[in-house]
Amino acid sequence: MDKENIKIQIKTFFGLETVLGEEIKKLGGRNVELKNRAVNCEGDLGFLYKINYSARTALKILVPIDEFKAYNETKYYDRLFKFEWDEFMDVDQTFAIDSTVNSERFSHSQFMTFKMKDAIVDYFQNKYGKRPNIETKSPDIKFHLHIDRELVTISLDSSGDALFKRGYRREQGEAPINEVLASGMLQLAGWDGKGNFLDPMCGSGTLLIEAAMIAMDLPAQLYRRRFAFQNWKNYDADLFATIKQHRVDRIREFHGKIVGYDIDGRMLDAARTNVESAEMEEVIEVRREDFFNTKKDMFPLLMVFNPPYDERISINDDDFYKKIGDTFKTNYPNTLAWLISSDLDAPKKIGLRPSRKIKLFNGKLETRFLQYEMYEGTKKLHKLDNKED
């Protein structure tokens, strides 16, 4: 692998490609190109370490190592058997393969994964008289197989565990929001750590912790212990230590407030546990409040939240959303508020016209991320074109 000019593909969620692209440019990526649920770029080995450690909206960071066309399973196996796998792993290391197959020619993704495992094992057996072991839970080396029609791409997974697994979450509620999605929402909402932040239905506290990490410019993987690239043959421990130190040196003080409300005591306990795990007790305040009975007490204020979905918590949907709109209008003047909902009729039920609507996915649920701008007096809602971004 060329340490100076590595082609990189970074996976993300639908709707966050632009946010991730901006992050990658700021971190120094070259030839940044937005794709569907991914961003392609180039950089050196240090940059690969840096984006794994720092990029907030990255799910997985892949390095393509081979690409070819295969028109049948025999040609597919033969090409893989001839590939020099020992450039990327030792026979004593364990490995695993993730796969994505979109092909009428090769319709069984599991079979194609097994054939790739066979080719790798047979390669080492043939060359060294010894077979590497497959380990699905925590392998030393992780490969990614992608087949699109007849185009086969083999990549090294530089991350290992998905990058939404930040390492601070100890407790979770019924349906916690994914950390990468939470950070993407905050960046779409324009949160930069200036001013104050409120999550009025905070659940187990993910949006609060991600908001604090952005406010203090903490690296996204500050709490993570291990990356897959640390098992690579070309791993440079000194370089990674230097990159981590540079990022940690950039951490800044935050002078605003980050507050979470919830009416569920169990959720508040979970949020407090996670806040303590992230060592943010001095930055984040969580308290038991019914949002519908609260009034604005922080200026200026950005509000971002994930109201309970009817899919996971039984709520009287229409009345619930109407109360959100009424609370916005009555108790939160001069506030920018964003909420995510899988109820695509939520704007009608809220009774206010959103100034922005962004299509996102929360897991498999299609959602809308809605922006509301509240103003005092007759100009209750800023009239902007209600177009989908």
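Excluding ligands, DNA and RNA, the accessible surface per residue across the stretch 146-212 is 28 Å² with a 1.4 Å probe.
Just the accessible area per residue of the stretch 51-134, please: how many Å² with a 1.4 Å probe? Each residue of the stretch 51-134 exposes 51 Å² on average to a 1.4 Å probe. Charged side chains reduced to their Cβ positions (Lys and Arg at +1, Asp and Glu at -1) give the stretch 1-67 a dipole of some 300 debye around its Cα centre.
Which value in deg cm²/dmol, rounded to the nearest 500, describes the helix-derived mean residue ellipticity at 222 nm for the chain, given -39,500 (n - 2.57) per DSSP H run of n ≥ 4 and division by the residue count? Intermediate values should be presented prior to the final figure.
Working: 10 runs with 116 residues, N = 389.
Only helices count here, giving -9000 deg cm²/dmol.
What angle do you read, to the nearest 10 degrees and between 0 and 90, between the alpha-carbon axis of helix 317-331 and the longest principal axis of the chain? Orientation of helix 317-331: about 60 degrees from the principal axis. For the stretch 11-152, the alpha-carbon coordinates run over 47, 35, 26 Å along the three principal axes, in decreasing order.
Full extension of the chain between Asp78 and Glu171 gives 28.8 nm of extra length, using 0.36 nm per residue less the Cα-Cα distance.
When the chain is fully extended, how far beyond the present Cα-Cα distance does Ser355 get from Asp118, taking 0.36 nm per residue of separation?
Working: separation 237, 0.36 × 237 = 85.32 nm, distance 5.40 nm.
Extra length from Ser355 to Asp118 when fully extended: 79.9 nm.
How far is helix 17-26 tilted off the main Cα axis of the chain, in degrees rounded to 10, range 0 to 90? The answer is roughly 80 degrees. Surface exposure of the stretch 1-42, expressed per residue as accessible area with a 1.4 Å probe, stands at 53 Å².
Relative contact order, whole percent, for the stretch 198-314 stands at 43, derived from Cα pairs under 8 Å and 6 or more residues apart. For the chain, the longest principal axis of the alpha carbon atoms and the long axis of helix 206-215 meet at an angle near 90°. Modelled this way, with points 7 Å down the Cα-to-C-beta line, the labels at Met216 and Asn133 are 3.9 nm from one another. Antiparallel beta bridges, as assigned by DSSP with both residues in the chain, represent about 60 percent of the total such bridges. The calculated FRET efficiency for Arg105 paired with Lys7, based on their beta-carbon distance and R0 = 25 Å, is about 0.50. When exposed loop sites are taken as GluC sites (Glu not before Pro) in a DSSP loop with at most 15 other Cβ atoms within 10 Å, the longest stretch of the chain clear of them is 5-83. For the stretch 85-165, carbon and sulfur atoms together expose 41% of the accessible surface, with a 1.4 angstrom probe and every protein chain in place. Fully extending the segment from Leu239 to Lys69, taken as 0.36 nm per residue of separation minus the present Cα-Cα distance, adds 57.6 nm.
On alpha carbon coordinates alone, what is the Rg over Rh value for the chain, Rh being the Kirkwood radius?
Details: Rg = 23.3 Å, Rh = 22.8 Å.
A ratio of 1.02.
A Förster distance of 51 Å, applied to the separation of the beta-carbon atoms of Leu344 and Asn126, puts the FRET efficiency at 0.40.
Between the stretch 56-91 and the stretch 103-125, how far is it from one alpha carbon centroid to the other, in angstrom? Centre-to-centre distance over Cα atoms comes out at 10 Å.
The values are calculated or read from the model by the stated rules, or taken from the named source; none is laboratory data. Only a predicted model underlies this, so the values are computations on that prediction, with no experimental measurement involved. Neighbour counts are summed over all protein chains in view; Cβ atoms, including those assigned to glycine, are modelled from backbone coordinates with ideal geometry. Surface accessibility is based on the protein's heavy atoms, side chains included, excluding ligands, DNA and RNA. Shrake-Rupley method; radii C 1.70, N 1.55, O 1.52, S 1.80 Å.
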